[in-house]
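Below you'll find the structure, written out as structure tokens, and then a few comments.
The values are calculated or read from the model by the stated rules, or taken from the named source; none is laboratory data. Since this is a predicted model, take the numbers as computed values, not measurements. Here the Cβ positions follow ideal geometry from the backbone for every residue, glycine too, while neighbour counts run over all protein chains shown. Protein only, heavy atoms only, side chains kept; ligands, DNA and RNA dropped before computing areas. Shrake-Rupley method; radii C 1.70, N 1.55, O 1.52, S 1.80 Å.
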Amino acid sequence: MIPDLASTRIGVDPFLPWPILTGLAAAAFAVWFIYFVLHGRAWLTRALALTLVLAALANPSLVEEEREPLSSVAAVILDRSESMTFGDRAAVAEDTFEAVKAALEADDSLDIRVAETDPNADGTSLVSALEGLMADVPRNRIAGTIFVTDGQVHDVPEDLSRISDLGPVHALIVGDSRKGDRRAEIVEGPSFGIVGESAQFIVRADDPRGGDIPLSISINGGDPQIVTVRSGQDTPVTLEVERRGENIVVVEAPPGPEELTLANNRTAAILSGTFDRLRVLLITGKPNAAGRVWRDLLKSDPQVDLVHFTILRPPFKQDITPIEELALIQFPTDELFEDKLSEFDLIIFDQYERTGVVTQSYLANMARYVEEGGALVLIAGEAFAGPASLARTPLAGVLPAIPSGSISIGPFTPALTDAGTRHTVTNALDGQAWGGWMRYVSADAEAGDVLLESPTGDPLLVVDRVGDGRVGLLLSDQVWLWARGHDGGGPFAELIRRMVHWMMKEPELEERKLDLVAEDGLLRARLRTLSDQAPPLALETPEGDRMALDWTMLEPGLFVAEAAVEQMGLYRAASGGLETVALNGPANPREYVDLRATGDVLAPLTAATRGGTFELGPDGRRRPEVRRVGRTGAAAGGNWLGLRERGAYVVKASSSQPLLPAIAAALLATLFLLVAWRREGR
């Protein structure tokens, strides 16, 4: 308990407002000065008279006060950020925090306020915590602040004047300042890119020992490319945008000779892929109703750039009709199947038969085009079952089904297979009413997934992955009946749209896909598969630790798994050959940018407030002594830190006694004036 204090002082309570009193004083001095310059004989007595009148108007008094001293306020703020979890920092900081609090609480003249930073925030905000803690404290009561931190603070203001009245700020740095840490960073990169085109990123790696660092750079968990960069230097890297939607670019540095954590050896960025235009080549073997439906559907899509050819007369057919009446241009086989084949995103053969227009070498080119990432759709007509079938060409190596040589004719209704109810191309069509078809080509499925079948179990729609590309085979030329509303119609547009976008590797339509999402401290894995059982799930944390999670089946072919996570950074998941990554927190957390224990960041702040920075060492033993210091001067020394004695108080009671009563002042002023008149009259 601080005892009350008695104090005596001289107070002034003027009868006139200060501006008026000041003006009168200035006028009186001016008149007296003129009098003095003119050699007035009573200059001294007149000066005393004027001074006495002004003093009386100022009304001085002797004030006696009973004062209650106010305790000074000191703040102690503990850094609980993510960077404090490495090594023994958290334990040393906790011990230091408790020791400092105990030392301050032993001083009855101090009021202690404590705070801790948010451990889940992106970055360490000690200055904001201090301003919030002292928002309601008068500035004349603040003794100072002590930060217990590793020194990695992200809200030190450039203009330090805004906190200059918060008293001296001291920083107690925990952690071993001699230890370094290797880290990888994506300095710059685009947010959007065109699928199939290149996007440039600027990457960087830092190592306290310098030298060259091999960075592993991958996109969407694919095969990485190795790029050697110089420590501390920005390096450009070019990547191809693989797919539409989110593409996750991962940059990873191998462990260095000194590592505080592996969490900042890996970083990531999200690149959104978009299609510029989807270039589709539609080749119709002969005029037919289905070809017109396909053409109208594709031309109605604003994202599709369609090139359509219909073969009206094959080379072996002879008639008297001039060529210029059959077509406006000659069929550009060399240009399409040699020079510009790779420029198309999708090729569709609608009821095409070998006629000599597309030669065997061109079809071999097309097979390579598929294996290298292209997409091919075949709509089989009657010719697919005969000797002119495309199944008897080099394309046979990429087709998922081979015709048996027979054609089934008669009304039937297509049905979804078990795989079709799960596959993303057709699962949305389940439960809809479908009209009947009239014809299909019998075939034996040899690869891929059969999505539609006839009532007898023959395949109708088969899709497959071939190399880096994809193939779709529709074994009936009757799908156009759905578009015309025959027998109630069917989901023709939806089926074709979904099949085409699956061919274009739309992420949302992948039938075998592993997703990983980190949100609100929860990591959720989602697996879509055509199998009844989900393969084991392996999860890798940002530190490189591995953990296994159990799947829960939501519905056939759809499984989920969850785990609570706290650490920010990049997580990897792998299941059945599928891999994916997810970011917990921001793509490049500020907490992991620099993990060294250093006072460099806070040095400008402590210097501006006349505080000190103290490195406690890895065990925290170099703890400074806490002292009380005066209102001015330095507040830190080699092994001590100071909190100021503010001397703030409140007045409990006061009394005042006038020092110059009005009657006495009037009599004295009159006396001085009489003396002045007497001297002037001589």
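Taking all Cα-Cα distances within region 127-196, those exceeding 15 Å account for 69%. Using the Karplus relation 6.51 cos²θ - 1.76 cosθ + 1.60 with θ = phi - 60°, the per-residue 3J(HN,Hα) values for region 90-105 come to 4, 5, 5, 5, 5, 5, 5, 4, 5, 5, 5, 4, 4, 5, 6, 5 Hz, with x marking Gly and Pro. Taken one residue at a time, the phi angles of region 484-497 give Karplus couplings (6.51, -1.76, 1.60, θ = phi - 60°) of 8, x, 5, 6, x, x, x, x, 4, 4, 5, 4, 5, 4 Hz. Gly and Pro are set to x. With the convex hull drawn over the C-alpha atoms of region 104-223, the volume per residue is 196 Å³.
Within a Cβ distance under 14 Å of A582, other residues only, what is the Lys/Arg minus Asp/Glu net charge?
In short, -2.
With 5 Å bins beginning at zero, the pair-distance distribution over Cα atoms of region 324-482 amounts to 2, 9, 17, 21, 19, 14, 10, 6, 2, 0, 0 %.
In this structure, the amide hydrogen of L452, modeled 1.01 Å from its nitrogen in the peptide plane, lies closer than 5 angstrom to those of T417, L460, L461, counting only residues at least 5 positions away or on a different chain. When peptides 132-139, 602-609, 210-217, 173-180 are ranked by their average number of other Cβ atoms within 10 Å per residue, the highest-first order is 173-180, 602-609, 210-217, 132-139.
A probe of 1.4 angstrom, applied to the heavy atoms of all protein chains, finds H501 with accessible area near 20 square angstrom. In order along region 265-278, the phi-based Karplus estimate (6.51 cos²θ - 1.76 cosθ + 1.60, θ = phi - 60°) of 3J(HN,Hα) comes to 7, 10, 9, 8, 9, 9, 10, 8, x, 10, 8, 6, 8, 8 Hz; Gly and Pro are listed as x. For the residue pairs K286/K505; K286/K340; K299/K340, the C-alpha atoms sit more than 27 angstrom apart in K286/K505. Please work out the FRET efficiency for the pair I402 and E371, using the Cβ-Cβ distance as r and a Förster radius of 25 Å; give the result to the nearest 0.05. Taking R0 as 25 Å, the efficiency between I402 and E371 is 0.90.
Note down the Stokes-Einstein diffusion coefficient of region 225-313 in µm²/s, whole number, using a Kirkwood radius over alpha carbon pairs, 4 °C, and 1.567 mPa s.
Reported coefficient: 72 µm²/s.
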